[in-house]
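All remarks here apply to the structure that follows.
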Amino acid sequence: MVDLESEVPPLPPRYRFRDLLLGDQGWQNDDRVQVEFYMNENTFKERLKLFFIKNQRSSLRIRLFNFSLKLLSCLLYIIRVLLENPSQGNEWSHIFWVNRSLPLWGLQVSVALISLFETILLGYLSYKGNIWEQILRIPFVLEIINAVPFIISIFWPSLRNLFVPVFLNCWLAKHALENMINDLHRAIQRTQSAMFNQVLILISTLLCLIFTCICGIQHLERIGKKLNLFDSLYFCIVTFSTVGFGDVTPETWSSKLFVVAMICVALVVLPIQFEQLAYLWMERQKSGGNYSRHRAQTEKHVVLCVSSLKIDLLMDFLNEFYAHPRLQDYYVVILCPTEMDVQVRRVLQIPMWSQRVIYLQGSALKDQDLLRAKMDDAEACFILSSRCEVDRTSSDHQTILRAWAVKDFAPNCPLYVQILKPENKFHIKFADHVVCEEEFKYAMLALNCICPATSTLITLLVHTSRGQEGQQSPEQWQKMYGRCSGNEVYHIVLEESTFFAEYEGKSFTYASFHAHKKFGVCLIGVRREDNKNILLNPGPRYIMNATDICFYINITKEENSAFKNQDQQRKSNVSRTFYHGPSRLPVHSIIASMGTVAIDLQDTSCRSASGPTLSLPSEGGKEMRRPSIAPVLEVADTSSIQTCDLLSDQSEDETTPDEEISSNLEYAKGYPPYSPYIGSSPTFCHLLHEKVPFCCLRLDKSCQHNYYEDAKAYGFKNKLIIVAAETAGNGLYNFIVPLRAYYRPKKELNPIVLLLDNPLDDLLRCGVTFAANMVVVDKESTMSAEEDYMADAKTIVNVQTLFRLFSSLSIITELTHPANMRFMQFRAKDCYSLALSKLEKKERERGSNLAFMFRLPFAAGRVFSISMLDTLLYQSFVKDYMISITRLLLGLDTIPGSGFLCSMKITEDDLWIRTYARLYQKLCSSTGDVPIGIYRTESQKLAASESQISISVEEWEDTKDTKEQGHHRSNHRNSTSSDQSDHPLLRRKSMQWARRLSRKGPKHSGKTAEKITQQRLNLYRRSERQELAELVKNRMKHLGLSTVGYDEMNDHQSTLSYILINPSPDTRIELNDVVYLIRPDPLAYLPNSEPSRKNSFCNATGQDAREETQL
């Protein structure tokens, strides 16, 4: 085989390094040929064309010079008319001959020569092969008429006084002006609006018509009335305005004919111009025009980029954005590629919005449209995704391109981006603030299973409200719920604060408790001046500095609060703090015998992760005085802080040794080995020691490792959490991690079942009858519909079916549109729901942004819409910390030293605390927890108004036939196989009860008749539920599943739940209240001692921990 390197000729010796750099000038025998490209551009014609036509700036100068020549010729004509003496007589020679002085003739000839030469040269350069097309052009014909007679008069002196219609050069000036504007746009790379061009053309056309008519009438009337230019101007204005006074009229037939011709031309030309102007005006109304550069430099504005603008999205943005006082002077520029919707157009015509909101139709991918929106001068740019599209990934791709385009055009403009899929988040990592919808959605759904109504809590915190909702309602719970919903998160520097300045150098829990006790504000977090990370409840060991930024929950920020003087404040403190309500009982009684109580109540046992431990005082203390609570220390005492290491397995103090060993073999704590997408925050959580085979993940199918085919066979100790979703997307990672977080004890870990399809058989197999929660995620395939609000139709009907079949099941649902929450757990004839519907309409009329908050499913945390979190992105423009705080609360981010959100339940043994202030103190002094709110459940019939009568069947039968009812209930609960035999008994008993009512009907008044009607309705409802229960039980028997535990009569419709965010200190705590807590990071309390010492310490105190009241 021939060597390839031998075929390559060697480099000649003459090619040295110097020759390669400088070139070999001495080598003349080179056989290379130099080729010159684009030789056609070196010709004389091409060079002229390059200068006169192609080059933008030189062409602009030529057009400007030509325009000036035409104006000069018209000016010389006016000078000639003014200098001419009107001749006597009516001879026609006055039409063809005029008096022209020699200097004036010389100037006109010079102008004519230059104009004719330029016209011929441009015609030659633009020649395309058809000479007649160049000659017969109107500008060329007019140039010949105005220039050739002057050139002829050079060689024929007798023609120097020949009349030449030089005033027709105004039309050539108009043509030159149009060309000049086009060249101007090319030269400076700025395109004026078509509206401006069309208005300029219309004005120039009108001026040319008037000027032509003035000069023509004046010249033709030289043989008539001898009109001057002013009289001609007066006649033209009166004639074209259709006024027609008649005092100045043409006399000669030629002038009359000229006027007729000019009117005909005006009737043809002007309507065409006006039509084009009207069309452009309508198009501008659709596209929105431009945002003024002067306004952009003198006023502040933000840009909202959306793919399609809906009225709900627009109103949510405007209401939330302009809710802040310092944003009232901002302009909002909306950049949308679609035409403005009719409803949006009507809203933007309201005076409140028309002066501040500007709609531009355009694309964020075009620099021209970004220039129209003055993006480089904008204070911020909000880019929102379209969640109603079928392909949400495609919607994210469009959002990413918009963000890239804005960043490329205006790199200094802050970006606020909303993304749908978490796997696409890393593409927009450069944005200042990012909200990923699926991250927040699944995290809130997960926390709803641990802390009830977390979605409602977060929604109320990120909405701007003054707490005026529900204050006109007769219901007490609506007043409290509406007033507390006005609480938001604010920030202030500690040394500048009246709330917190006095707590410099003291512990965080001390500052939080005393600020709430004194001012009613809830301090939830801090941030060091030299650190960007926010710490939620860093714990009692954290010492407050003067430069710390404090984050607190309150109705309004401190800057908008007024403080009383010291005397009034002292009096109010005495009357409010030492005594509570009508009972006049001391509330804060910790001053008496403080040391003894502190010794009795200080707890050094291991702190359980399931909830704080509130210990009751000793029996001797109960006999002598009411229970007291230890004070919150200014500086944390290491001996009083519970320092149990949650990483150790001894925190599970309720487990037996065998269970402890088995749990230790099964679970380990660490970080997930795999991340489903780039950008996910690593979370310390419970993990299995070994990876489970993929075949074992199918719950309904057995494999070689196990033979279970339903959830009941697995024998789970804790209740299930079922997630009904369309696909197992990456967002489920944010659902699983909070439920497996390291601070959750192993004994409380709930099994998670993913249900990708939810027919009845699959629901029963996955254990829906003994599930703790059923989470229904809105399906992506149904988020797009012809009618927008129908996108939730399938989800709503499916949830309603679940609610009817399994009335005791706790269902948590996510919807696309917040307005559809009123259909959740829908009851057409429920009086209370109708009353809430009327209340919602009244609140909406009062301008509330949270009119839907009083709907029972939303207030109880059973349903939420992720679109309600759009306000989180809007609020971050004013509060740049809101996204970080929300992510910390939801567990999406974990920062060392920052606490987490959890909850605890009030039991009967905890009612000795009595008030929220004492609970606040107890938690701060014992465990370092900071409470932020209460989730309260009440009986609906107690909260109903007098007009809403609801007497259940059970109450009637308890009063009339207690023994029989109790016997029937016991038989019904114990029956498993004879359910069919109980149905005739129920039917016979219902008939007897109906006869009893019919006999007593005529004797009762109208109010009693209403009660009977309600009782009949309840009986019908119970019978329907019984039939549904029979259906479910028969299906379970057919599938071979046990019906034990299926309680078909348990219904939640008799209770209502709501949230009280940061209630007042004197708020009474009630039985079954769930308190929201921000608990310090357990890892921050790891002592420096050896693990053996920690284990022995926990074992020694484990017995005391069991005797305490678990809250």
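The values are calculated or read from the model by the stated rules, or taken from the named source; none is laboratory data. What you see is a predicted model; the values in this text were computed from it and never measured. Counting neighbours? That spans all protein chains shown, and the Cβs are built from the backbone with ideal geometry, glycine included. Side chains are part of the model used for accessible areas, which takes the heavy atoms of the whole protein and leaves out ligands, DNA and RNA. Shrake-Rupley method; radii C 1.70, N 1.55, O 1.52, S 1.80 Å.
Of the solvent-accessible surface of the stretch 673-787, computed with a 1.4 Å probe and all protein chains present, 54% belongs to carbon and sulfur. Probing with 1.4 Å while keeping every protein chain in the model, the per residue accessible area of the stretch 460-524 equals 34 Å². Say the cut-off is 28 Å between C-alpha atoms; which of Lys407/Lys879; Lys746/Lys879; Lys719/Lys1033; Lys479/Lys532 go over it? From Lys407/Lys879; Lys746/Lys879; Lys719/Lys1033; Lys479/Lys532, over 28 Å: Lys746/Lys879; Lys479/Lys532.
Packing, taken as the mean count of other beta carbons within 10 Å per residue, orders the peptides 1033-1039, 847-853 from highest to lowest as 847-853, 1033-1039.
Peptide packing for 137-146, 381-390, 446-455, 365-374 was compared via the average number of neighbouring C-beta atoms within 10 Å per residue; ordered from the highest value, the list is 446-455, 381-390, 365-374, 137-146.
Net charge of the neighbourhood of Arg765, taken over other residues with C-beta under 12 Å away and scored Lys/Arg +1, Asp/Glu -1, is -2.
Apply the a/c threshold of 1.5 to the C-alpha gyration tensor of the stretch 719-859 and tell me whether it is rounded, prolate or oblate. Note, shape of the stretch 719-859 comes out prolate. Positive contributions from Lys and Arg (+1) and negative ones from Asp and Glu (-1), summed over other residues with Cβ under 9 Å from the Cβ of Gly486, come out at 0. For the stretch 216-221, backbone phi angles converted through the Karplus equation (6.51, -1.76, 1.60; θ = phi - 60°) give residue-by-residue couplings of x, 5, 4, 6, 5, 8 Hz, Gly and Pro being listed as x. For the stretch 242-388, the carbon plus sulfur part of the accessible surface works out to 57%, probe radius 1.4 Å.
Just in the stretch 447-544: which GluC sites (Glu not before Pro) are loop by DSSP and have at most 14 other Cβ atoms within 10 Å? Passing both the DSSP loop test and the Cβ count: Glu529.
Which net charge results for the neighbourhood of Ile553, defined as the other residues with beta-carbon distances under 14 angstrom from its beta-carbon, given Lys and Arg at +1 and Asp and Glu at -1? Every neighbour counted, the sum reads +1. Looking at the stretch 682-765, the pairs of alpha carbons with a distance over 21 Å make up 35% of the total. Accessible area per residue for the stretch 763-876, computed on protein heavy atoms with a 1.4 Å probe, is 36 Å².
Ranked by the mean number of other Cβ atoms within 10 Å per residue, highest first, peptides 773-779, 829-835, 756-762 order as 773-779, 829-835, 756-762.
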